[in-house]
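What follows is a set of notes on a single structure, which appears directly below.
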Amino acid sequence: MVSVNDKYAGVVKKVSYGNQNSVYAALILKKFPGIMICTFIIMAGVLSLIIYFSLRIKTGHWDDNFKLIGICALCSGLWSINQYDFFSLIFGNAQITYFIDYYCLFLMPIAFSFYIYNLCLERGKKIIGGIITVHTLFVLTAFILQITKVKELFELLFFFIIMLIMAIVLAIGAIIYDLVVEKNTRIKLSMIPLMIVLIGAVFDIALYYLRIYSERFATFPISILISVITLMTLSWKRYLKIIADQEKKDLMIKMADLDLMTQAKNRNAFEKEIVEISKNPERLKNICITEFDMNYLKYINDHYGHDTGDEAIRICYNIIKDIVGSKGEVFRTGGDEFICITYEPIENIQPDLERMIKEQNLPYPLELSYGMACFNPELDEDIHDVIKRSDKLMYEMKQMMECDKDEYKRKSTANKIEVERK
């Protein structure tokens, strides 16, 4: 058999003949184990990319490791399956097979190098970055030489293998440096899949150049499949750890801004909100501050116990929250003090308070003093002035209610003495 390309010569060991279906069946059965292994590699690559995009949609988190593993698996899977003449059987087009074969082979190390790059520290990144740059330039050069008909891709294979061997040596050196000198334990586990691939690749290259390569040798595809599965497992564990750490961090941030007893936002959260409002003049223009202060708390604690006092505080928060609704937020800024930030005045506070407290049917007295002030450019320079005015109005109301409180205490004490006498 004579090659149509005068730059290429090869040896054809076997020629299959027969009708089309029988030849296809014979070839597929002969190559079936290798094709199945390569199919699993491609499926693993697709799964890795699905995980990559799914994580983005569900959590907003991009994990580049899954993307790189997916690209590397697809390139290696397509290249490997092509070694079993899969695309020749499917497409019957030698040119498609030719380009898939070489470009997938040339692109394989780039994705894997990017994966190692993400795990390395600063100096290791420089070495791996250099390897990625050289490989990328090689692929671009190969593409240009191919389309300009200066060089065929197969003529660059020797240079690719030399470059790949040098890259492997440098990559192993960078990994060892990170492990020994930089104490980068994160990269330690990546050595396992790397060694598996290297062993499979060396064995495959040896078989190729010793001219004993046959379909029954599936060492390299098997090593790739094991490595891809291992990398996906390691990346998934790493992703779960990142998510757990992020959730822990978010919880700590939330706890710092949360009042544990009422589940309301606390003074720390209120101060942060004040700072944000101060930075935005447009928000300040419409701001309304309403302060609430609970009456009778000391009396409730003294006569009904502190647990009942805590219950009363929680009831007050829920009532205030219902009154404010979706207009704004409620903050617990002190023991029995609450501040609401809204962007419109709260209407019907007094009747709503009286109705909601009455609905609780409590055995102890419960009242709330309040004061509301909205931003007025003639009176207020900033939000702190609005807070001062609402605070003043709240205390004025509290003083007006003191007489009723003293009268309640006097009557309550008298009733208690009367009960004891009886």
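The values are calculated or read from the model by the stated rules, or taken from the named source; none is laboratory data. It should be emphasised that the depicted structure is a prediction, and the values quoted were computed from it without experimental measurement. We place every Cβ from the backbone using ideal geometry, glycine too, and count neighbours over all the protein chains shown. Ligands, DNA and RNA are stripped out before the accessible areas are found, and what is left, the full protein with its side chains, is counted by its heavy atoms. Shrake-Rupley method; radii C 1.70, N 1.55, O 1.52, S 1.80 Å.
Ranked from the most accessible area to the least, with a 1.4 Å probe and all protein chains present, what is the order of HIS306, HIS384?
HIS306, HIS384
Suppose R0 equals 41 Å; then what is the FRET efficiency for HIS306 and ILE242 from their Cβ-Cβ distance, rounded to the nearest 0.05?
Efficiency for this residue pair is about 0.45.
Residues of the chain: accessible area per residue at 1.4 Å, in Å²?
Value for the chain: 59 Å² per residue.
Only helices at least 15 Å long along their axis, Cα-based, and averaging 1.0 or more on Kyte-Doolittle count here, so list those DSSP H runs from the chain.
20-59, 94-119, 122-147, 157-180, 191-209
Measure off, as a whole percent, the carbon and sulfur share of the 1.4 Å-probe accessible area of the chain, all protein chains present.
62 percent
The stretch 213-290: which GluC sites (Glu not before Pro) are DSSP loop and have at most 15 other beta-carbon atoms within 10 angstrom?
Those satisfying the criteria are GLU215.
Here are some pairs, LYS279/LYS388; LYS31/LYS188; LYS249/LYS388; LYS248/LYS327; which of them have Cα atoms lying more than 28 Å apart in this structure?
Flagged as over cut-off: LYS31/LYS188; LYS249/LYS388; LYS248/LYS327.
Give the value in nm², to one decimal: projected area of the alpha carbon convex hull of the chain, averaged over all directions.
36.1 nm²
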